[in-house]
1. Quick check for you: with a 1.4 Å probe and neighbouring chains kept, what is the accessible area per residue of segment 279-423, in Å²?
2. Using 27 Å as the Cα-Cα cut-off, could you pick out the over-long pairs in Lys236/Lys346; Lys278/Lys357; Lys278/Lys344?
3. Beyond 14 Å, what share of the Cα-Cα pairs of segment 299-342 remains, rounded to the nearest whole percent?
4. Please state the equivalent ellipsoid semi-axes for segment 343-482: what are the square roots of 5 times the Cα gyration tensor eigenvalues, largest first, in whole Å?
5. Quick one: divide the alpha-carbon radius of gyration of segment 317-368 by 2.2 N^0.38 Å and tell me what you get.
6. Defining a contact as two alpha carbons under 8 Å apart and six or more residues distant in sequence, what relative contact order in percent does segment 238-386 show?
7. Under the rule of at least 5 residues apart or a separate chain, name every residue whose amide H is placed under 5 Å from the amide H of Met399.
8. So how far apart, in nm, are the two label points at Ser132 and Phe501 if each is 7 Å from Cα heading toward Cβ?
Amino acid sequence: MKVEGKLSTQSTSKEEQGEVHRACDENEGSKGGGWTTFPFVIATVLGLSVAGGGWASNLIVFLITKFNVKTIAATKINNIILGTNNLFPIAGAFIADSFFTSFSVVGFFSFISLLGMIMLTIIATIPSLMPSPCPIGSLITCQAPSKFQYSVLYAALSLASLGLGGTRFTIATMGADQFNNPTDQGKVKPKGSPFLSIARVLVAAIWKRKMSSANSTENDYYYGTGVLADSAPPTKSFRFLNCAALNIEEAKQFEGSHENSWTLCTVREVEDLKALIKIMPLWSTGIFLSTPIGIFSSLTVLQALTMDRHLGPHFKIPAASIIAFNLLATAITIFIIDRFILLKYKNLTGRTLTPIKQIGIGHIINIIALIASALIERKRLGVVRAHSLMNQPGSAVPMSAFWLVAQLSLIGIAEGFHFPGQVSLCYQEFPKSLRSTSTAMISLLIGIGYYLSTAVTDLVDRTTNWLPDDINQGRLDNVFWMLVVICVVNFGYFITCAKIFVYQNQNVGK
């Protein structure tokens with residue numbers, strides 16, 4: 001999105017620019033490779049993405065067809081792994097910011113990813129590491145994997161997931177580090193982890209919780225030192241956090257210095273945490289949006305496995321590849337929004353399409369997509385009953401898998417609206433020290449959503465008969481209707497949060 005690309009280099013004050021260039025001059029001895037290293041960074045990203053995307057997208061099919069894992073159990077394992085893939089990047093970024101360099105973290109986790117891929121390849125190659133092949137139509141008598149086979153599989157998946165996640169965001173930071181010129185970098189990497197300052201504010205506020213800030217004057221607060229010190233007084237919202245910036249003699253004596261103190265923070269650090277708290281309700285609506293999407297994606301692969309996937313007389317589309325229509329729809333939607341819809345909306349209304357409105361459109365389209373999924377599944381079950389396939393596991397349903405393209409495309413269009421909208425919202429509203437982590441926050445909500453989707457699937461599996469191992473005997477349509485209800489309730493929660501939310505920049509949408 002355009003709003004993501006417009007970083008703060010143009011609006012940076014002269015003092016900030018001077019501070020940035022002085023910081024760059026201090027590091028002249030360790031110059032980056034510049035544009036010379038750019039092709040190598042891109043090649044690394046491409047290789048990791050192709051390898052990670054390949055094994056992750058085919059995991060459900062591999063577990064069911066090669067490891068004899070029950071279908072619903074395979075979806076749970078798949079969602080846990082995908083959730084981990086989205087949570088590990090945050091840990092990798094934290095490690096790179098706080099303890100090691102980006103290059104060392106990327107190098108280490110790339111090696112871990114390679115080990116994971118080697119182990120997965122060995123598992124797929126050596127027959128003794130997989131259970132005996134299961135004849136088609138005899139799913140009930142399939143040999144279950146042994147504890148040893150499960151252990152090797154989980155070890156391989158853990159390494160592959162850890163390696164993929166550890167490099168996902170850190171490699172972008174490594175690419176920016178190759179440039180000494182902040183204009184080429186597009187951003188300035190903060191010293192230390194920005195999440196550390198959040199922890200410091202909480203600790204300092206708790207330590208000084210008995211001190212009242214109600215009667216404090218502006219001179220009682222610590223604003224920092226240097227040209228980047230902020231002289232604006234603390235706001236009245238979340239006043240209990242203001243205690244963290246109270247400049248008392250005890251705090252100074254405790255640490256010996258105000259810098260990096262766990263008992264004293266700047267007013268700017270306190271206000272940054274307040275801004276983060278204010279946006280959290282809106283951010284949390286994305287979790288309850290990602291949860292149904294995680295369930296939907298897994299169940300769609302199960303649907304494709306039972307349907308006719310032939311494209312012509314000699315070619316059969318792999319079941320996992322059907323998800324490509326989702327990705328294609330998302331990519332096309334983002335392009336159309338960026339190049340046409342945003343401009344057309346501004347020409348017609350005289351206002352820009354705000355991130356919140358964009359997210360809201362995504363919510364609505366997502367609900368429509370899930371309704372379409374329920375209707376298509378009802379039609380599929382009708383075909384199953386018409387051909388008496390309820391008690392014939394492994395039998396192909398004489399219904400084209402391309403029926404699934406409609407629901408996948410709608411979900412993709414919805415994602416093209418709400419995920420970029422969430423990134424734009426986080427980038428605009430996050431404190432400057434945390435703007436580089438805005439995409440990590442989106443990855444965090446997706447990861448949590450995948451974990452919750454596993455919990456919801458397990459709950460439905462335990463309490464209803466909608467999700468048997470043979471989905472031809474189940475009621476996936478009821479599951480989709482349940483997801484519709486979840487999304488409608490979440491949309492109401494989103495509207496409530498949107499109404500009470502106030503942009504920090506009052507010119508947003510004008």
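1. With all protein chains present, segment 279-423 gives 42 Å² per residue.
2. The answer is Lys236/Lys346; Lys278/Lys344.
3. Summing the P(r) of segment 299-342 above 14 Å gives 60 percent of all pairs.
4. Equivalent-ellipsoid dimensions as semi-axes: 38, 20, 11 Å.
5. Here the answer is 1.43, to two decimals.
6. Working: 52 pairs, mean separation 15.8, N = 149.
With pairs under 8 Å counted, the relative contact order is 11 percent.
7. Asp308
8. A separation of 5.7 nm, rounded to one decimal place.
The values are calculated or read from the model by the stated rules, or taken from the named source; none is laboratory data. Quick caveat: nothing in here was measured; it's all calculated off a predicted structure. Counting neighbours? That spans all protein chains shown, and the Cβs are built from the backbone with ideal geometry, glycine included. What goes into the accessible areas is simple: the full protein's heavy atoms, side chains included, and nothing from ligands, DNA or RNA. Shrake-Rupley method; radii C 1.70, N 1.55, O 1.52, S 1.80 Å.
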